[in-house]
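See structure below.
The values are calculated or read from the model by the stated rules, or taken from the named source; none is laboratory data. Predicted model only: the values in this text are computed from it and were never measured. Cβ atoms come from the backbone with ideal geometry, glycine included; neighbour counts cover every protein chain shown. Accessible surface is based on the protein model in full, side chains and every heavy atom, while ligands, DNA and RNA are left aside. Shrake-Rupley method; radii C 1.70, N 1.55, O 1.52, S 1.80 Å.
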Amino acid sequence: LDLTSTMSRRTRESARLIQELLPRGAKSAEGYSDFISEDKIPHNTRTTTVYDQLKNDEDYVDDHDYDSQPYRHITNWFLSKKGQEDKLHLRLALPKKPTSFSGVCLYGELVPSQRETEKAVRKGNILPPNLKVCIANPKFWSIDRSTTLRGIWIVSKHAWYNLKEPCSSQTQLHIPMRAKFGLVSNIADMVGQVRYMKGHTGLNASSFASMHSNQSPEKSYKLLCASPEQIAQARERHDIDIETKPFDFELLRREAKFVKENMKDFDPHWKATCAFVKGLSQLEKEFQKAKREKQLWAFEDFDYLSSAVAAEQRSRRNSWGDLLPGVIYPCPNDLLEIDPSKEVADGNLTDDSNLDALDSPA
């Protein structure tokens with residue numbers, strides 16, 4: 001594999017170092033000595049590597065957190081205690097507490113940046129290879145709720161790593177986190193959708209956050225549950241696709257704490273004192289009470305896989321956050337355009353006694 005033809009001097013040197021780091025022989029490929037420390041990743045300029053992805057500033061609340069460090073994409077990843085890399089049964093799920101990474105390493109393959117890949121294609125060069133890397137003692141994981149960077153990220157002292165597909169042998173291990181991430185993604189779509197309202201100066205853009213923050217999670221869920229007739233009407237008369245449900249309420253009942261923590265500071269309207277966040281706290285209390293009282297629903301097996309798949313369909317993203325190609329960004333609040341009577345002013349949505357039992361969101 002010749003990575004050095006028709007490249008600049010610095011790029012040739014970077015390629016040479018990568019070439020030396022690639023596994024040699026079957027024995028090497030079977031072991032874990034192929035994974036290099038992240039501080040050994042070769043640079044192609046003074047400050048960047050071929051694995052540093054472009055940054056898209058959406059003027060979003062999370063953007064400032066990423067300014068000082070590069071973004072990198074890591075695929076075929078797994079978590080393990082140092083020295084237990086080859087023990088598949090001892091590999092770990094993402095910790096419930098985002099900072100609980102003591103003694104844990106993230107292993108995986110860095111994906112070359114789109115910029116470097118396109119440049120190699122344009123110049124007729126060989127594409128840069130994935131690079132096996134080990135990130136020792138990550139600081140924490142975090143969910144990005146923005147449009148282009150949505151996903152689960154792990155931060156180290158050198159970079160932010162966007163988790164793509166995990167190692168195939170670990171797929172089942174990460175399904176619960178995948179479902180919980182999908183739930184946060186659905187709620188971010190619902191709350192963050194832009195709405196246009198007529199004003200003295202024309203159309204004014206804002207998000208639906210102000211509306212949803214002023215009502216409970218149950219009310220927002222009920223508000224955006226669509227009937228088959230409404231779905232058909234949306235397609236025939238408005239040429240838009242809406243889903244039967246905005247998110248999985250049964251999962252929210254179990255994971256309200258997770259959502260509350262990972263939707264924190266999403267929008268200026270999204271405060272601890274707003275109705276939606278208070279509603280999440282109430283759901284959390286009800287779940288803890290159900291566990292203390294050994295209520296069946298709090299202990300029965302939950303179908304995380306079906307929940308994850310449905311959430312990904314609603315958000316039109318793959319299992320770890322990338323927006324699917326060629327799709328229109330999800331607009332769950334478009335149901336209000338089809339049936340304006342469901343707007344918050346409707347008495348049915350201001351009286352908790354009218355909620356009754358919610359439909360199953362499976």
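Over region 36-193, with every protein chain in place, what whole percent of the accessible area is carbon and sulfur at 1.4 Å, could you tell me? So the carbon and sulfur contribution to the accessible surface is 51 percent.
Over region 266-346, the ratio between the Cα radius of gyration and 2.2 N^0.38 Å evaluates to 1.48. The spread of Cα positions in region 125-199, taken along each principal axis and listed from longest to shortest, comes to 54, 37, 27 Å. Heavy atoms of the protein chains alone define the surface here; on that basis region 89-136 has 51 Å² accessible area per residue at 1.4 Å probe size. Residue ranking by accessible heavy-atom surface, 1.4 Å probe, largest first, among Ser142, Ser80 comes out as Ser142, Ser80. Over 20 Å apart at the Cα level, from the set Lys81/Lys139; Lys96/Lys291; Lys132/Lys157, is no pair at all.
As a length-normalised measure over Cα pairs under 8 Å and 6 or more apart, the relative contact order of region 166-288 settles at 28 percent.
Judged by the gyration tensor of its Cα atoms, with axes a ≥ b ≥ c, region 200-313 is oblate; a/c meets the 1.5 cut and b/c is at least as large as a/b. Report the trypsin sites (Lys or Arg not before Pro) located in region 131-182 that are in a DSSP loop and have at most 15 other Cβ atoms inside 10 Å of their Cβ, or state none. Loop-located and lightly packed - Lys139, Lys157.
Based on the alpha-carbon gyration tensor of region 97-163, what equivalent-ellipsoid semi-axes (square roots of 5 times the eigenvalues) come out, in whole Å, largest first?
They are 28, 16, 7 Å, listed from largest to smallest.
The rule of thumb for compact globular proteins, 2.2 N^0.38 Å, goes into the C-alpha radius of gyration of region 261-310 1.46 times. For region 218-297, GluC sites (Glu not before Pro) are listed when DSSP marks them as loop and at most 15 other Cβ atoms sit within 10 Å of their Cβ; the list is Glu293. The value given for region 107-253 is a Kirkwood hydrodynamic radius of 19.3 Å, derived from the mean inverse Cα-Cα separation. Values of log10 I(q)/I(0) for region 40-193 across q = 0.17 Å⁻¹ run -1.08, by the Debye formula with one identical scatterer at each alpha carbon and no solvent.
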